[in-house]
Amino acid sequence: MRPDRALLRWWKGREYRRLLDEAASALAASRHADAEVACARALGLAEVIYGTDDAELAAPLYALSSAQLAQGRLDEARASSARAIAIAEAAGADTDPPLPRLLEQLAAILERQGKSDDVEALFRRMLAGHDRTREPDPVELAALLNRLGLLLGRKGARAEAAPLFQRAIALREAALGGGHPLVAEALYNAATFLEEDRPVAEREAMLRRALEIAAADPAVDGALHASILHNLAAAREALGDAGEAASLYERALAAREALVGGAHPSLRPTLVRLAQIHHAAGRPSAALPLYERARAIAEAELGPDHPVAAAIKAWIEEVRSRS
């Protein structure tokens, strides 16, 4: 290579690295439009220096996709992400970012687009890749199993989701210890999407374990802690223990109020369930204020004519008619 060409290539390489650093700084500062400009310029230089299919292009394409995703331009973000993945797969070697992270980003884009079938296919592809690896990272694998289990559970495929959650629990326990917050998360998800024909006691046992972890470790997410309490209350209610169920609903309500305040939509299910326990037990003075709060939240969230708001209104009228 002639000295002037070598110098030009060196200068372009230096400018390319500078632009990548500029893009990373802009992304970290949430200056996504600036990051996109820097990424696009870095990508153009990388194509000149390395060629259009070199593994080096994975980095600017990943950053470009991140900037586009942050700005809500999902189709463009998906195209940039897909190109980075194709390059990384063709390279057949480690890239920066590695292929699993590139696939994670594509999954996030597809989730934002509401393409659940595409997300499921991608998760299955990622899982097959982990299973082909001689020593997969157990924490990353457990996270993927958990996400695929959640997707399947929400689609109603609980029987298929159950072994994924159990595998995630086992991996997290082995890698992180039985009291880790991520074990609590996996236990909660497994209990929430347990097959409907399984005994309620199985759900309760998993939720009690999750609650023990949450009570002992302040690192457990507060919203998860509140959800564990609510679902354990529902399990106790299904088993006929209205007294403990009410106590657990009260704790769930207090935990969630501490996070989101007193009028957030996430409070409504717990308010209604607690009100119904008092209603069924003939305690109208306890049930009525809970129903009223739930009704106000439902009407603000869904509108006064929504079936949920109408149902709460009917319960209020029934309580008043009997008091």
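The values are calculated or read from the model by the stated rules, or taken from the named source; none is laboratory data. Small disclaimer: the values here were computed from a predicted structure and weren't measured. No Cβ is skipped: glycine too gets one built from the backbone with ideal geometry, and neighbour counts run over all protein chains shown. Calculation scope for accessible area: heavy atoms of the full protein, side chains included, ligands and nucleic acids excluded. Shrake-Rupley method; radii C 1.70, N 1.55, O 1.52, S 1.80 Å.
Pairing residues of the range 204-224 that are within 13 Å of Gly179 (Cα to Cα) and open to solvent by 40 Å² or more (accessible area, probe 1.4 Å) with residues that are of a type in the set (D, E, K, R) and part of a helix (DSSP H, G or I), at Cβ distances under 9 Å and at least 6 apart in sequence or on separate chains, gives no pairs at all. Taking the range 16-30 as the range and being closer than 22 Å to Ala79 by Cβ and charged (D, E, K, R) as the test, no residue passes. Does Asp34 qualify as being out of contact with any Lys or Arg (no Cβ under 9 Å at 6 or more places or on another chain) and over 28 Å from Lys155 (Cβ atoms)? Taking the combined requirement at face value, the residue satisfies it.
Counting only helices (runs of 4 or more DSSP H) that fall entirely inside the range 108-218 and contain at least 1 residues that are at pLDDT 95 or above and aliphatic (A, V, I, L, M), the qualifying elements are 138-154, 158-176, 181-192, 200-216.
What number of residues in the range 246-285 are charged (D, E, K, R) and more than 22 Å from the chain's Cα centre (by Cα)?
Going through the range 246-285 one residue at a time, the tally reaches 4.
Please determine whether any residue of the range 6-20 is in contact with a Leu (Cβ under 6 Å, 6 or more places away or on another chain), assigned to a helix (DSSP H, G or I) and modelled with pLDDT of 90 or more. No, that holds for no residue. Among the residues of the range 147-173, those that are within 17 Å of Leu122 (Cβ to Cβ) and among the hydrophobic types (A, V, I, L, M, F, W, C) comprise Leu148, Leu150, Leu151, Leu152, Ala157, Ala161, Leu164. All of (1) small (Gly, Ala, Ser); (2) open to solvent by less than 20 Å² (accessible area, probe 1.4 Å); (3) touching a Lys or Arg at 6+ places or on another chain (Cβ under 8 Å) hold for Ser116 with one exception: (2).
The set of residues in the range 219-270 being assigned to a helix (DSSP H, G or I) and of a type in the set (Asp, Glu) consists of Glu237, Glu244, Glu250, Glu257.
Pairing residues of the range 93-115 that are under 18 Å from Asp54 (Cα atoms) with residues that are open to solvent by 20 Å² or more (accessible area, probe 1.4 Å) and outside any loop (DSSP other than H, G, I, E, B), at Cβ distances under 6 Å and at least 6 apart in sequence or on separate chains, gives Thr95/Ala55; Asp96/Ala59; Pro97/Tyr62. Filter the range 259-271 down to the residues that are out of contact with any His (no Cβ under 6 Å at 6 or more places or on another chain) and open to solvent by less than 20 Å² (accessible area, probe 1.4 Å) and list them by number. Answer for the range 259-271, where residues must be out of contact with any His (no Cβ under 6 Å at 6 or more places or on another chain) and open to solvent by less than 20 Å² (accessible area, probe 1.4 Å): Leu267, Leu271. For the range 279-291, residues that are open to solvent by 60 Å² or more (accessible area, probe 1.4 Å) and assigned to a helix (DSSP H, G or I) total 3.
Out of all the residues in the range 271-278, is one or more in contact (Cβ under 8 Å) with a residue 40 or more places away in the chain, basic (Lys, Arg) and in a helix (DSSP H, G or I)? Within the range 271-278, one or more residues are in contact (Cβ under 8 Å) with a residue 40 or more places away in the chain, basic (Lys, Arg) and in a helix (DSSP H, G or I).
Tell me which residues, restricted to the range 155-170, are of a type outside the set (Lys, Arg) and open to solvent by 40 Å² or more (accessible area, probe 1.4 Å).
Within the range 155-170, Gly156, Ala159, Glu160, Pro163, Gln166, Ala170 qualify.
The set of residues in the range 41-78 being open to solvent by 60 Å² or more (accessible area, probe 1.4 Å) and under 29 Å from the mean Cα position of the chain (by Cα) consists of Gln71, Arg73, Asp75, Glu76, Arg78. Can you pull out every residue in the range 292-306 that is within 28 Å of the chain's Cα centre (by Cα) and open to solvent by 80 Å² or more (accessible area, probe 1.4 Å)? Result: Ala300, Glu301.
Taking the criterion of being over 19 Å from Ala143 (Cα atoms) and under 15 Å from the mean Cα position of the chain (by Cα), no residue of the range 177-211 qualifies. Screening the candidates Ala88, Ala143 for the property of being open to solvent by less than 20 Å² (accessible area, probe 1.4 Å) and on the phi < 0 side of the Ramachandran plot yields one hit, Ala88. Looking at Arg320, Arg256, which is the one that is closer than 30 Å to Asn189 by Cα, without any contact (Cβ under 8 Å) to a residue 60 or more places away in the chain and either among the charged types (D, E, K, R) or surrounded by 16 or more Cβ atoms within 10 Å (Cβ to Cβ) (or both)? Testing whether each residue is closer than 30 Å to Asn189 by Cα, without any contact (Cβ under 8 Å) to a residue 60 or more places away in the chain and either among the charged types (D, E, K, R) or surrounded by 16 or more Cβ atoms within 10 Å (Cβ to Cβ) (or both) leaves just Arg256.
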